[in-house]
Amino acid sequence: MKHISKYLLLTVAAILLVFTAGIKETMAWTGGEPNVANRKTVFQNISYARHILLGITAQVAVNQQSDRASSSISIANFRQSFARAPLKVKILILILVYLLLSLIILFLSILINRQIKTSQRNRALELKNEFQNKLAVFLFDDVVERIEFRGMNRSSNRQIFIDELVELHSNLHGEAASKLRDLYFKLNLHKDSLRKVEKGAWFLKSKGFAELAQMDVKDASQKIQKYANSKNPILRMQAQVALVKLSEDNPLGFLDNLDYQLSYWEQVNIYDTLVYHQIFIESFEPWLTSQNSSVVIFALRMIGLFKHTQSGHKVRELLFSDNPEIALTSVQAMKSLELAEYSVDLKVLYRSETLKLMDILQSQRKKKTDRDIESLDDVLPRKIRYEIIQSLQPLATPADIPFLEQVMKDDENTFRLRILAIKVMLGIRPEGETYINELVASGDELLRKMINNVKQNQES
């Protein structure tokens, strides 16, 4: 439909261009000078064309209303008029007739195509409703022993059935889900899904991955494995999700040889698959030494999300990574693990990141104002330091008060970070709260306003 509409527009444009070109060609044929004699010749040629076109129109009317004899006379008149016309006018008439016929054919093609599509949609909807009803009977009516699904000899109908069966299976568990899976294999629908993987376009392969994973076709994992490193990001992600579901021995084995960066969206999908299908991963530590930084970041996130406290020592090693993204994710993992024994390492990292931040801000001062510099929250050392203070929030002890005091009083820190340090300090009771009250009475107006603001928010 889209291509037909494009050709239709091109044909209309061609008619206009040819008609305009025909007039120009006629003027050129007469000399191109705008004198009276030339204009007379131009209009005479246009009159020829008009006469011939009117003859065509008259011929259609004569065919409908006149007898065979008058039709022959009209045809003869048309031939004589056409024969007397100049060569360029004849060519113009032929081109216009061709384009008009093309226009009519295109209109008819659009109408026929629309009718076919509407008919197909209606038939597909009818078949879909029928399959839904029969699948419900198949699952929940114990009286019915055998159910026939019509139209299963056509690939399009089989695909409609697969779509309904897979969608229904995704919402069921236990015996009902097993019953649907048995039906899937009994009707050899798994071969349709495998055929998509082997010979289909990328979007069909992706659909095949989803079907095979949902219906738990374990044998398909070998065929899907090679697509875990596909150049196509959508195909790659679908293959990875399918492998997590189908690979029983090593669901995340494809991470060992991943050539591409694991996007955040891919990581989310893998995590959702692990949670939804309750797939247990004993340890994510093997991927903390990967050469692919995105795989290391993913492993750190999974350690934090699944609370693998036994991997805390490995996470601690990555706190001081040369890759700032890995260092940031390590701090975030530590925050989730809440391991008090590593709070000293977090404070050491804070001081290290402070030095890096000062170097960055020093270079930025040559190009930006102090206000612009204060708003640079996306600078990684600032992000890391903020995450470190957040990590200390559930772990802070009276021994951390001097460290938090430095964070609160440092004018180079953003208000956001200083306020967070105040919150952490107030959480150390009673020592931290007592110290905060002394600061309020000390006379530092800005610090007093921030403390009062935090207290008011906590009370509300």
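Quick notes on this structure:
- Residues that are surrounded by fewer than 16 Cβ atoms within 10 Å (Cβ to Cβ) and more than 16 Å from Asp444 (Cβ to Cβ), drawn from region 402-422: Pro402, Arg416
- Selection within region 249-258 - open to solvent by less than 50 Å² (accessible area, probe 1.4 Å) and assigned to a loop (DSSP other than H, G, I, E, B): Pro251, Leu252, Leu258
- Selected residue (only one of Leu246, Leu235 is surrounded by 15 or more Cβ atoms within 10 Å (Cβ to Cβ) and more than 20 Å from the chain's Cα centre (by Cα)): Leu246
- Sole exception among (1) assigned to a loop (DSSP other than H, G, I, E, B); (2) small (Gly, Ala, Ser); (3) touching a residue at least 40 places away in the same chain (Cβ under 8 Å) for Ser102, by number: (1)
- Of all residues in region 378-395, those that are of a type in the set (D, E, K, R) have Cβ atoms under 6 Å from Cβ atoms of residues that are open to solvent by 30 Å² or more (accessible area, probe 1.4 Å), 6 or more apart or on another chain, in Glu387/Gln332.
- Scope region 259-279; condition in a loop (DSSP other than H, G, I, E, B), more than 22 Å from Lys218 (Cβ to Cβ) and open to solvent by 20 Å² or more (accessible area, probe 1.4 Å); matching residues: Asp259, Tyr260, Gln261, Ser263
- Region 329-351 - residue that is closer than 21 Å to Val407 by Cβ and either of a type in the set (Ser, Thr, Tyr) or outside any helix (DSSP H, G or I) (or both) and, of those, least open to solvent (accessible area, probe 1.4 Å): Ser330
- Meets criteria (free of Cβ contacts under 8 Å to residues at least 40 places away in the same chain, farther than 20 Å from Gly208 by Cα and among the aliphatic types (A, V, I, L, M)) for Ala136: yes
- Index of the failed condition, Val197 passing every other in (1) open to solvent by 60 Å² or more (accessible area, probe 1.4 Å); (2) closer than 25 Å to Leu252 by Cα; (3) modelled with pLDDT of 90 or more; (4) of a type outside the set (S, T, N, Q): (1)
- Qualifying residue in region 115-123 (condition: in a helix (DSSP H, G or I) and in contact (Cβ under 8 Å) with a residue 24 or more places away in the chain): yes
- Flag if Ile162 is surrounded by 14 or more Cβ atoms within 10 Å (Cβ to Cβ), among the β-branched types (Val, Ile, Thr), over 30 Å from Ser81 (Cβ atoms) and at pLDDT 90 or above: yes
- Condition broken by Ile428, with the remaining ones in (1) assigned to a helix (DSSP H, G or I); (2) closer than 27 Å to Ala333 by Cβ satisfied: (1)
One line per residue, one yes/no per condition, for (1) closer than 23 Å to Ile297 by Cα; (2) of a type in the set (Phe, Trp, Tyr):
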site: Lys199; (1), (2): no, no
site: Gln222; (1), (2): no, no
site: Ala239; (1), (2): yes, no
site: Asp256; (1), (2): yes, no
site: Tyr264; (1), (2): yes, yes
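- Subset of region 128-155 (residues that are assigned to a loop (DSSP other than H, G, I, E, B) and under 17 Å from Ala176 (Cβ atoms)): Asp141, Asp142, Val143, Val144, Ile147
- Of the residues Leu439, Leu426, the single one that is surrounded by 15 or more Cβ atoms within 10 Å (Cβ to Cβ) and modelled with pLDDT under 90 is Leu439.
- Figure legend. Inter-residue proximity from region 228-247: first residues more than 14 Å from Gly208 (Cα to Cα), second residues outside any helix (DSSP H, G or I) and of a type in the set (Gly, Ala, Ser), beta-carbon distance below 8 Å, spacing 6+ or different chains. Indicated pairs: Pro233/Ser263.
- Within region 288-320, being over 19 Å from Leu262 (Cβ atoms) and of a type in the set (A, V, I, L, M, F, W, C) holds for Leu319, Phe320.
- If you go through region 280-328 and keep only what is assigned to a loop (DSSP other than H, G, I, E, B), under 19 Å from Glu338 (Cβ atoms) and open to solvent by less than 30 Å² (accessible area, probe 1.4 Å), you end up with Phe284, His308, Leu319.
The values are calculated or read from the model by the stated rules, or taken from the named source; none is laboratory data. Please read all numbers here as calculations on a predicted model, not as lab measurements. Here Cβ is always computed from backbone atoms with ideal geometry, including for glycine, and neighbour counts include all displayed protein chains. Only protein heavy atoms, including side chains, enter the accessible area calculation; ligands, DNA and RNA are left aside. Shrake-Rupley method; radii C 1.70, N 1.55, O 1.52, S 1.80 Å.
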